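Structure record follows, encoded as C-alpha cells.
The values are calculated or read from the model by the stated rules, or taken from the named source; none is laboratory data. In this text, all values refer to a predicted model and were calculated from it rather than measured experimentally. Methodologically, a virtual Cβ is constructed for each residue, glycine included, from the backbone with ideal geometry; neighbour enumeration extends over all protein chains shown.
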Amino acid sequence: MSYVNADEAACQQHKGAIALLIEPRAADLGEFTVRRALPSRERRMVGPFVFFDHMGPAEFPPGKGIAVRPHPHIGIATITYLFEGEIMHRDSLGVVQPIRAGAVNLMVAGRGIVHSERAGADLEEVSHLHGIQSWIALPVDEQECEPAFTHYSADELPSVAQGGATVRIIMGSAYGERSPVNTFSETLYLDCDIKAGAELTLPTHAEELAFYVAVGSVAVDGQVIATGAMAVACPGRALTLRAESDSRVMVIGGANIGERHIYWNFVSDSLARIEQAKQDWRDGKFAGVPGDAEFIPLPD
C-alpha cells in the first residue's frame, strides 16, 4: 500500500482533518540538535518535499558553530530558512553567501553540486542557530538540469496578516500573495507566526499538505500538536489551527510528483543514477568548493 493510499484509509476512518502525525527522529550533534521529520518510516514525501530538518535551537560559545564540510547533491533543490543566526554557504559554482533570519537560500543541485555550510560572521561571539533545512525533489525532466544558486533577502518575501497570525510566503502562493522564490512543480511553503488563542485556516489548494510545529503548540479538531511534530492533512479538508501558545508553524505541500529513491544526499527516480553519483563522489568527479578543501566521504 502506498503512503497516499494509507493516508486516504486513515481519513476514511475518522472525520478529522489530520491523517498522520509524525514524530521526527532526533540526532544529537554535540552542541547541535537536528529533528528529521521527512523522510520518515510513515511518510517519505509531502508534495515535492523529500527532506525536512529542524535545526536547533542551539547556542554556541565563541569559536564554535555549525561546520558542515563540502558534500554533494543531485536531483533536488535545497531551501535554507533561518529563524535565528547565520550560516555561510559556499558551493562549487563559486558562490559565497551568508544566510540570515528570514532570507532564503535556494540551491538547485540538478545534475550535481557540492557545498559547505559553516559558521557565519558571529563565530567569535556567543551565537545562536535555529531554522529549517528542506529539500524539494525536482520533476523527472529537470533532475539533470544545470546547478544554480539564488539568494532572496528577507524583505523580498511577502507577508500577510490573517487575524492573530502573520504568514510569510516562502514558496508558492497563499492568501492572495505569491513568493518570488522559484518553484519547479506546484509547491507551497509558509512560515506562520500565530499568537496564543488565534486561529489560522490553512490553504486547501495543495494536493498534499502538512504542517510542522517549530515553536509552541496548536490544536486541530481538539487534538494538540506540540513542538517538534509534523501533521499530514487529509486531502481536500479545511484545516484550522488554534494556537495554544505563541507558535511558529511551517506549512509544506504541493503536487505529488512521484516516488524518489534517496541515498545520503542523492535523490533520483533512478537507482542507477544514484549508483553513478556514489561512484562519481568516490572518484572525485564532482567539482570542488573553492576555498574549502575538506570533504565528507561517501557513507558506507
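Contact annotation: no residue pair with Cβ atoms under 8 Å, 6 or more positions apart or on different chains, pairs a residue in the stretch 75-86 that is at pLDDT below 95 and in a strand (DSSP E or B) with a partner that is among the charged types (D, E, K, R) and buried (at least 24 other Cβ atoms within 10 Å of the Cβ).
Rundown of residues vs (1) more than 22 Å from GLY291 (Cβ to Cβ); (2) in contact with a Cys (Cβ under 9 Å, 6 or more places away or on another chain); (3) of a type outside the set (Phe, Trp, Tyr), yes/no style:
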residue	(1), (2), (3)
GLY94	no, no, yes
ALA101	yes, no, yes
LEU106	no, no, yes
GLY110	yes, yes, yes
SER116	no, no, yes
GLU125	yes, no, yes
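The set of residues in the stretch 249-280 that are surrounded by 17 or more Cβ atoms within 10 Å (Cβ to Cβ), among the hydrophobic types (A, V, I, L, M, F, W, C) and under 18 Å from PHE51 (Cβ atoms) comprises MET250, VAL251, ILE252, ILE257, ILE262, PHE266, VAL267, ILE274, ALA277. Restricting attention to the stretch 224-245, the residues that are in a loop (DSSP other than H, G, I, E, B) and of a type in the set (Ser, Thr, Tyr) add up to 2.
Can you find even one residue in the stretch 207-223 that is assigned to a strand (DSSP E or B) and in contact with a helix residue (DSSP H, G or I) (Cβ under 6 Å, 6 or more places away or on another chain)?
Of all residues in the stretch 207-223, those assigned to a strand (DSSP E or B) come to 208-215, 217-220, 223.
Narrowing further to those that are in contact with a helix residue (DSSP H, G or I) (Cβ under 6 Å, 6 or more places away or on another chain): none.
Checked against the condition, which is being assigned to a strand (DSSP E or B) and in contact with a helix residue (DSSP H, G or I) (Cβ under 6 Å, 6 or more places away or on another chain), the stretch 207-223 yields no hits at all.
Take the conditions (1) crowded, with 23+ Cβ neighbours inside 10 Å; (2) part of a loop (DSSP other than H, G, I, E, B); ASN105 misses just one of them, which is (2). Within the stretch 110-125, the set of residues being part of a loop (DSSP other than H, G, I, E, B), touching a Pro at 6+ places or on another chain (Cβ under 6 Å) and at negative phi comprises GLY120, GLU124, GLU125.
For the stretch 169-199, filtering for residues that are crowded, with 18+ Cβ neighbours inside 10 Å, among the small types (Gly, Ala, Ser) and under 17 Å from the mean Cα position of the chain (by Cα) leaves 2.
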